Each structure stands twice: as C-alpha cells, then as structure tokens.
Amino acid sequence: METERQYKSALATLVTVFFFWGFIAASNGVFIPFCKTYFSLDQFQSQLIDFAFYGAYYFGALLLFIYSSIVNQDILNRWGYKNSIIYGLVLSALGAAAMIHFVGRAEAGSSDTFIYILGALFIIGLGFSLQQTAANPFAISLGEPSKGAHRLNLAGGVNSFGTAIGPIIVALILFGSAPKSGEELKAMIQNGEISISTVQYLYMAVGGLFLAAAALFFFSKKLPSAIDSSDFLKAPKAIGSLSIITILLCVCFYFIFNQYKGTPNNSLILFLSLAGLGIVVAGLLISNLLARKNQEGWGAMQYPQLVLGMLAIFTYVGVEVSIQSNLGELLKTPDFGSLNDTEIAPYISLYWGGLMIGRWVGAITVFNPAEGIKKWLYILVPYIAFGVILLVNYGAYSLNEVFLFGICIAIQIGGFFASKDNPSLTLKIFGILGLVAMVVGMLATGKIALFALLSGGLFCSIMWPCIFALSITGLGKYASQGSAFLIMMILGGAIIPPIQGKIADLWNIHASYWVTVICFAYLTIFAVKVRSLLKVQGANKNASI
C-alpha cells in the first residue's frame, strides 16, 4: 500500500512536469511577437526562439545516442529512468536560472541580450529532451503495466491543458489584464512601464517546480530506477550520416547569423535556410538509399518507412509549431483584425486547445468503451474539451467565433469517424483536412481564413501517434532505435518556423503560410506511401495499418 502511494505521488509530480512542457512550448506563441517588438527584431529573428528550443531536442537526443554508442550501452539504462528525469529536471532548472538572469538585464532594443535568452531556452530544451526521453517509459513503470497506456494518456491530456493556458498566463504576466494598442505598447516599453524582466517571475516558479520535482524523485527511495531490458544496437553509419547533417546545418546557420552583424541580405538568408532544409531531406534520403544497398552499420535507417517517417515527424512538428509561432504577426495585419500583442493570447490558446481536443478524443479508444458509447464519446468529448478552452478564455471570443470553431470541430469529428482507428487512413484524412484548411486560409481573409488556419491544431492533434506507429512497424529489433531517431526529428520545430519567418520578411506574413500547405501535402503523401511500403514488406499481416 505504501509503495502504491509512493507511485501515485511520483505520477502526480510527473504529470505536473508534463503540464509545464506544454505550458512553456505554447507560451512561446505570445513570447515571440513580444520579443520582436521589445528587441526590434525581424520575423526570422523572432522565430529563433523556436530554433533554440526545438533544436535542443535534436542535439540532446543525438548526443545521448552517440554517447550510448561509444559506451555500448543505452545511457538511460545506465542511469535508470528515474535518475535521467532528475538530471533533466536539474538541467532545465539551470536553464530557468539563466533565463531569470538574462531577462533581468535585457534592455529594450538590445538584440545582443536576445542571444543569451536563446541560450537559456536551449538549456531548458536540453533538459526537456532528457526528461521526455525517459518520462514515457518511466510512467509505464509506475504501476501495473496493463494500465501504462492509461497513465501516458493522462499525462498527455494534462500536457495539452498546459498548452491551452500557457499563452494566457504569459500574456497576463507581460501585459497585465488591460488591452493595449501597438503604439501604446511600444511607448510603454520605451518608458520602462512594460519590461521583459517580468518573465523572471514565471521562470522562478518554473525553476522552483523543476527542483521540487527532482527532489521528490530523488528522496523517493522506493521508486524503481526502471530500465529497458533490450540490448543496445549500434548504428555507426547512421551516426556518421546524422553527424554530417548536423555539421552542415551548423555551417548554414553560422553564415545566417553572421549576416546579422551588418545589414542582412534577406534573399541570402532564405537561401541558406532552405539549404539547411535540403541538407536534412537529402541527407536522410541518401542515407536510406545507401543502407538499402548495404545494411551493415545503418541499423534502423535501412527501413524506408522509418526514414520517410523521420521526415514526417520533422514536417509535423515544424508545421504544428510554425502555424502558431507566426500567428501573432498575422493577427496584427488589417486582414486579420489588426490585433496587438495583448489581444493575441486567446487565439494562440485556441490553436493549442485544438490539439488538446484531438488528443482527448484520440485517448478514448485506449479505455475500450462499447462501440455505441464510443460513438457518443467521439461527439461529446471534443465539445467538452472546447468548453474547457472557453472557460479558460472566458469572454475572449465572440459568438460568431465560437460558432466557426465549433464547425471546425464538427469536421474533425467527421474525420475520426471516417478513419476507423486505422493509422494510415487517419493520417491521410487529417492530412487532407489540414491541406484544405491551409489552402482556404491562404485564399480567404478575415475570420474564415483565421479559423481555417486555427483548425490546423485540430488536424495536427492526432498525427504524432499515427506517424510514430507507421514508422516503426516492421522494424523488429530496431524499433527502439527507430524511436530514438524519430525523437531527433523534433528538429523540424527549429528549422521550418524560421524559414516561414524569412518568407514573411521578404514578402508578407500571410503569403508565408504557403509553407504550411506544403507541409500538410507531404504528410498526406507519407500516409499513402508508407501504407504501400508496408504492404510490400508484409509488415501489416498482424497489424492494422
């Protein structure tokens, strides 16, 4: 009984940590446009917040895999999942301390300080990378294995709730409760009435939470360290390929950052950014081509579904992050309401709330309800989740806006019914819905265009588990290694938003959203392609794809 209470206490703490992962990631949607105003940045520079935060996931996962290969043992197995989470929490707390220090010294218009803020976010992201790599299997180990999926879905639902309220809390911290016009906000920044230093209070709370969680795990001696019993499989050629990709990406972004030492050449910056994207795509495809000719040393990269899935995760994370990261700037344009920084947060919250809605619905099947009840839950749960979003943002939306998003939810519900719990069909349907929504968002203006773009959250919501499941199907003993490679591709959240930002600098913010159209197009193509690949391999004999 005592052990069970210890487990419940640890799970409660772990779920709280899941909440703050979502909270901080989503709050960037408000933090980005504010930093653009505060530090006098262009749109590309403002997107470097995502570059630092999500790039850390890639570097963290890659370094863990390289180190594990050197010692010929999964480093998380050497540390244990519990200790790995503790180290990740402490690392994120150090990042929070760095953020407190640097925002306290940040002066309006001084982009030099912005670089240090990016460094602090990178450290926080590194900690998150370590935490998330260990947290999912650790949650499964905290109790009966048969209920492990339920615990993960609980944690995921709480994470999504954090994404819904994060933008609101950060907006209140930065701006207070009273709306302010763009010119009024700039004047208050110049007069020192509004300062980025107020973010210190948020990161004091977050850093304190991380340390408290680390202490709870550390002093809970009855908690299992938990390890994965499977053997660690090396993939030296895959590591070599990923290392070359990483070095070339660093070279590209070195020259990009160097441009900002003088008058930046926007066309050159866009070219270099696209070159970075091309390096990732070409590097992975060439790796798979070589691996299929000679499998030795390539590990999971010999499987085309895994490599195409890596690109799909890259694209999915990129489009999910990019829609909301550039949304603040879009909402400032006359065609989208001419909103100011203080009025943006409810729409960022609504976008992330769309992901929460889809994930809550996606968790229904795990609980194995009767077919009749399941159909009703598919209809009721999305609108219950929508009610939570409306409550969090009480009074922020007009009746017309509530109606429009309600229609978007109805379309999503139709997608769930049509997909029949089939991963490839689900991904194809939601990819097509996302593609259509983005095209509508590009061809229209006003509320129709805005809510078409916001519905991207609804259609992204169910994609991660579908891509993951399809990508590791048929990998056999390489499934764990394939999962590690997929986690690295969170890198898409670091690469795609800056590309969209630089397109906005060269043309306009609305035109930049054609990037999202291309992303959803690839996700749809992947859904079709991977199904045919798995059929050829015969990997679907014992699984519904």
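The values are calculated or read from the model by the stated rules, or taken from the named source; none is laboratory data. Fair warning: this is a prediction, and the values are worked out from it, not measured in the lab. Cβ coordinates were reconstructed from backbone atoms using ideal geometry, including for glycine residues, and neighbour counts include every protein chain displayed. Ligands, DNA and RNA are excluded from the accessible area calculation, which covers all protein heavy atoms including side chains. Shrake-Rupley method; radii C 1.70, N 1.55, O 1.52, S 1.80 Å.
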*Can you tell me which residue in region 325-335 is farthest from the chain's Cα centre (by Cα), limited to those that are open to solvent by 20 Å² or more (accessible area, probe 1.4 Å) and touching a residue at least 12 places away in the same chain (Cβ under 8 Å)?*
335
*Answer yes if at least one residue in region 502-510 is aromatic (Phe, Trp, Tyr) and surrounded by 18 or more Cβ atoms within 10 Å (Cβ to Cβ), and no otherwise.*
no
*Which of the residues spanning region 82-111 are open to solvent by 20 Å² or more (accessible area, probe 1.4 Å) and part of a loop (DSSP other than H, G, I, E, B)?*
107, 108, 109, 110
*In region 273-289, what residues are surrounded by fewer than 17 Cβ atoms within 10 Å (Cβ to Cβ) and either among the β-branched types (Val, Ile, Thr) or modelled with pLDDT under 95 (or both)?*
281, 286
*Kindly establish whether residue 458 is farther than 21 Å from residue 321 by Cα and among the aliphatic types (A, V, I, L, M).*
no
*Restricting region 336-378 to residues that are without any contact (Cβ under 8 Å) to a residue 24 or more places away in the chain and under 26 Å from residue 176 (Cα atoms), the residue that is surrounded by the most Cβ atoms within 10 Å (Cβ to Cβ)*: 339
_I need the full set of residues from region 297-324 which are farther than 16 Å from residue 515 by Cβ, part of a helix (DSSP H, G or I) and open to solvent by 10 Å² or more (accessible area, probe 1.4 Å), in order please._
302, 304, 308
*Does any residue of region 379-387 turn out to be touching a residue at least 12 places away in the same chain (Cβ under 8 Å), open to solvent by 40 Å² or more (accessible area, probe 1.4 Å) and of a type in the set (Phe, Trp, Tyr)?*
yes
_Single residue of 339, 355, 391 found to be in a loop (DSSP other than H, G, I, E, B) and of a type in the set (A, V, I, L, M, F, W, C)_ = 339
*Picking from 140, 123, which residue would you name as being without any contact (Cβ under 8 Å) to a residue 24 or more places away in the chain and open to solvent by 50 Å² or more (accessible area, probe 1.4 Å)?*
140
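So that you can scan it fast, the table gives a plain yes or no per residue for (1) assigned to a loop (DSSP other than H, G, I, E, B); (2) touching a Lys or Arg at 6+ places or on another chain (Cβ under 9 Å); (3) modelled with pLDDT of 85 or more; (4) under 15 Å from residue 11 (Cα atoms):
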position	(1), (2), (3), (4)
152	no, no, no, yes
158	no, no, no, yes
180	yes, no, no, no
189	no, no, no, no
192	yes, no, no, no
212	no, no, yes, yes
231	yes, yes, no, no
*Near pairs, Cβ below 6 angstrom, 6+ apart or cross-chain, from region 517-529 (closer than 17 Å to residue 499 by Cα) to any residue that is open to solvent by less than 10 Å² (accessible area, probe 1.4 Å) and modelled with pLDDT of 95 or more*: 517/438; 519/319; 520/431; 520/434; 520/438
*Is it fair to say residue 133 is among the polar types (S, T, N, Q), assigned to a helix (DSSP H, G or I), crowded, with 21+ Cβ neighbours inside 10 Å and modelled with pLDDT of 75 or more?*
yes
*So how many residues does region 8-51 have that are open to solvent by less than 10 Å² (accessible area, probe 1.4 Å) and among the aliphatic types (A, V, I, L, M)?*
8
*Where residue 401 falls short, out of the listed (1) touching a Lys or Arg at 6+ places or on another chain (Cβ under 9 Å); (2) of a type in the set (Asp, Glu); (3) open to solvent by 20 Å² or more (accessible area, probe 1.4 Å)*: (3)
*asked:* Just to be sure I understand the filter: pairs with C-beta atoms under 7 Å, separated by 6 or more residues or on different chains, first member in region 206-221 and more than 16 Å from residue 24 (Cβ to Cβ), second member of a type in the set (Lys, Arg) and surrounded by 14 or more Cβ atoms within 10 Å (Cβ to Cβ). Which pairs pass?
replied: 217/82
*Could you count how many residues in region 199-215 are open to solvent by less than 40 Å² (accessible area, probe 1.4 Å) and closer than 22 Å to residue 39 by Cβ?*
4
*For region 69-81, enumerate the residues that are in a helix (DSSP H, G or I) and surrounded by fewer than 21 Cβ atoms within 10 Å (Cβ to Cβ).*
69, 70, 71, 75, 77, 78, 79
*Kindly establish whether residue 446 is surrounded by fewer than 24 Cβ atoms within 10 Å (Cβ to Cβ) and modelled with pLDDT under 95.*
yes
